[in-house]
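Structure first, commentary second.
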Amino acid sequence: MTAAHPMWSADTMIMLLRITLYLTAFLLVTAYALGRGGAPERTTAGIMAVGLVLTLIIMAPNTHRFAGPEYGVAMVDSLMLVAFVWLALRADRYWPLWLAAMQAVMVLCHLARIFKPVPFPVYYQDTVQLWCYPQLALLAVGTLRHRLRSGTASVAEKRVAGAAGQIGRMFGYDRRQSCEP
């Protein structure tokens, strides 16, 4: 190894950090949803887990990843979209609609790459992977809201919800205000 080609470049370290952070968040949120959520939350966690495993199996080797359209990943994301739409149509919650919309954006990113190649694969990679984080946040918030609604929330969960409410009020959102003039 020469100084010009270190074994652990900054790009490699950033990639490993992103993967580690995502997998940690994924494991924590899906465990929370599976252990504490209602049927829609548990179903979503299962869909996401199957999607992650299938994506890891199907994805191109690291040296060729996102250099061209990722047809296998696009297929997995499309199947997840169908599952999320199915869930959104049957769930008694609003957040699965948002989840399905985020998944639809991911599928549209794949379609855009298939029909119009871009010179920089990193744009394709980032636009497809970006939506995974808000999806996890949505699942966590959906699970927390289920716990609060069902009256089974712990003291810590109530504190988190209270802090989130205070942050929302800082930005002008207050659920306690009436929608009527």
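The values are calculated or read from the model by the stated rules, or taken from the named source; none is laboratory data. Just so it is clear, the model here is predicted, and its values are computed rather than measured. Cβ coordinates were reconstructed from backbone atoms using ideal geometry, including for glycine residues, and neighbour counts include every protein chain displayed. Please note that ligands, DNA and RNA were not included when accessible areas were found on the heavy atoms of the full protein model with its side chains. Shrake-Rupley method; radii C 1.70, N 1.55, O 1.52, S 1.80 Å.
By accessible area, using a 1.4 Å probe on protein heavy atoms only, the chain has 70% of its surface on carbon and sulfur. The dipole here belongs to the chain: it is taken about the Cα centre, uses +1 on the Cβ of Lys and Arg and -1 on the Cβ of Asp and Glu, and is about 540 debye.
Roughly how many debye, to the nearest 20, is the charge dipole of the stretch 57-149 about its Cα centre, given +1 on each Lys and Arg Cβ, -1 on each Asp and Glu Cβ, and no other charges? Numbers along the way, then the final one.
Numbers: 8 positive and 4 negative charges, 64 e Å.
My answer is approximately 300 debye.
Normalised radius of gyration (Cα atoms, divided by 2.2 N^0.38 Å) for the stretch 29-132: 1.13. Relative to the longest principal axis of the Cα atoms of the chain, helix 71-90 runs at roughly 10 degrees.
With a 1.4 Å probe and all protein chains left in place, how much accessible area per residue does the stretch 25-74 have, in Å²? Let's see the in-between values first.
Working: 2560 Å² over 50 residues.
Solvent-accessible surface per residue comes out at 51 Å².
Relative to the dominant Cα principal axis of the chain, helix 10-36 is inclined by about 30°.
Please give the helix 95-115 orientation as an angle from the longest Cα principal axis of the chain, in degrees from 0 to 90, rounded to the nearest 10. Around 20 degrees separate the two axes.
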